[in-house]
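Enquirer: First the structure, which I've put down as structure tokens, then a few questions once you've had a look.
Here, each number is a calculation from the coordinates, and none is a lab measurement. These numbers come from a predicted model, not from an experiment. So basically every Cβ, Gly included, is an ideal-geometry build from the backbone, and we count neighbours across all protein chains shown.
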Amino acid sequence: MPTDVVKTSGVSCQSVTKEFNRGAARVLALQGLNLQISPGELTLIVGPSGCGKTTLISLIAGTLDATSGEISVLGQDLVHMSKREKTTFRARNVGFVFQQFNLLPALTAAENVAVPLVINGWTKAKALERAAVVLKSVGLADRMHFLPAELSGGQQQRVAIARGIVHDPQLLVCDEPTSAIDAKSGQVVMELIRGLALESNRVTMVVTHDQRVFGFADRIVSMDDGRVSGEQRQTPADANHGTEQR
Ligand SMILES: Nc1ncnc2c1ncn2[C@@H]1O[C@H](COP(=O)(O)OP(=O)(O)OP(=O)(O)O)[C@@H](O)[C@H]1O
Ligand SMILES: [Mg+2]
């Protein structure tokens, strides 16, 4: 693999492995995975349950450390960064929409969405103002002051998405962002995510099982058993943006 690929403003994974140890048991979740992701397009990651999708995007987002291999994100060498550098890098550049939402139960929707901004030094008032704008864009203008427990699953998912994008991250990773929402909300969310990918040349990766959203992708990367097993590109003409798919 040419070394200049590593300096891309996108994502580059080379021979990446991730091993989890559970007592005597060893799980090899990623087994020498190679992948390049370009900015400015929407990449979907698909594959059977347990094949390593969440593990992969967690390594790329810097929330997990690889066991071996090289990972470059936005031109930065993630593997050799100190813990502190990684935390700062993540706070500034990474939006993560978690599979299980991970909302803070004692904070309202707006307060949850404001968290990444506050971490980046915004005042609470300014952060809440911006959070309100983003919540409105995901259709939750009337739920700003609700706690997560007072929201439906789909509404919680939209709060999680708003929190993932509020600080305008250069890398956005979303784990099953449409799994808890109906087809119409799913379309709105995917249009939003695709718009974010194209605008500002952002790196945008979405893990999904949801065939209804495949039409939004520029590229679909398939994984199996901890490796990339194939990929498919869609020209804009093929991408019907989900409208004609089930
Ligand atoms: N913290 C952990 N400790 C031990 N094993 C883990 C841990 N996290 C993940 N694994 C294992 O790694 C493998 C890959 O898990 P991962 O969550 O990446 O799968 P996935 O492709 O995201 O699946 P799904 O589609 O069900 O979300 C699984 O076999 C899982 O059991
Ligand atoms: Mg997963």
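Enquirer: From the C-alpha gyration tensor of the chain, pull out the three semi-axes of the equivalent ellipsoid (sqrt of 5λ each), sorted largest to smallest, in whole Å.
Expert: The equivalent ellipsoid of the chain has semi-axes of 28, 22, 18 Å.
Enquirer: Around residue 231, which amide H atoms from residues at least 5 apart in sequence, or from another chain, sit under 5 Å from its own amide H, with H modelled in the peptide plane?
Expert: Counting only residues 5 or more places away or on other chains, the set is 222.
Enquirer: Less than 23 Å apart at the alpha-carbon level, and either on another chain or at least 8 residues along: which lysines does that give for residue 126?
Expert: Of all the lysines, those that pass the test against residue 126 - Cα under 23 Å, at least 8 places apart if same chain - are 136.
Enquirer: Still on this model: Please list, in chain and number order, the residues 5+ apart from residue 206 or on another chain whose amide H is under 5 Å from its amide H, with Hs placed from the backbone.
Expert: Under 5 Å from the amide H of residue 206: 43, 44, 45, 174.
Enquirer: Which FRET efficiency, nearest 0.05, do residue 152 and residue 209 yield, Cβ-Cβ r, R0 30 Å?
Expert: The computed FRET efficiency comes out at 0.90.
Enquirer: Moving on. Taking the 0 to 90 degree range and rounding to the nearest ten, how far is the long axis of helix 153-165 tilted relative to the main principal axis of the chain, both from C-alpha atoms?
Expert: Helix 153-165 sits roughly 70 degrees off the main axis of the chain.
Enquirer: Based solely on its DSSP helices, what 222 nm [θ] is calculated for the chain when runs of n ≥ 4 H residues each add -39,500 (n - 2.57) and the sum is averaged over all residues, nearest 500 deg cm²/dmol?
Expert: Calculated from helices alone, the mean residue ellipticity at 222 nm is -9500 deg cm²/dmol.
Enquirer: Fully extended, how many nm does the chain gain between residue 229 and residue 104 (0.36 nm per residue separation, minus their Cα-Cα distance)?
Expert: Gain in length upon complete extension: 41.4 nm.
Enquirer: Okay, next question. Tell me which lysines have Cα within less than 24 Å of residue 83's Cα, excluding those fewer than 8 residues away on the same chain?
Expert: Counting by Cα, and skipping residues close in sequence, residue 83 has these lysines nearby: 7, 18, 53.
Enquirer: Calculate the FRET efficiency for residue 82 and residue 119 from the Cβ-Cβ distance with a Förster distance of 22 Å, rounded to the nearest 0.05.
Expert: 0.75
Enquirer: Fully extended, how many nm does the chain gain between residue 27 and residue 67 (0.36 nm per residue separation, minus their Cα-Cα distance)?
Expert: 13.2 nm
Enquirer: Between residue 183 and residue 15, with labels modelled 7 Å along Cα→Cβ, what's the label distance in nm to one decimal, could you check?
Expert: My value for the distance between the label points is 4.7 nm.
Enquirer: Once the Cα atoms of helix 124-137 and of the chain are each reduced to a long axis, what angle between those two axes, in degrees from 0 to 90 to the nearest 10, is obtained?
Expert: Between helix and principal axis, roughly 80 degrees.
Enquirer: Given a cut-off of under 8 Å on Cα pairs at least six residues apart, what relative contact order in percent is computed for the chain?
Expert: 26
Enquirer: Rounding to the nearest 10 and keeping the result within 0 to 90°, find how far the Cα-based axis of helix 109-119 lies from the longest principal axis of the chain.
Expert: It works out to around 50 degrees.
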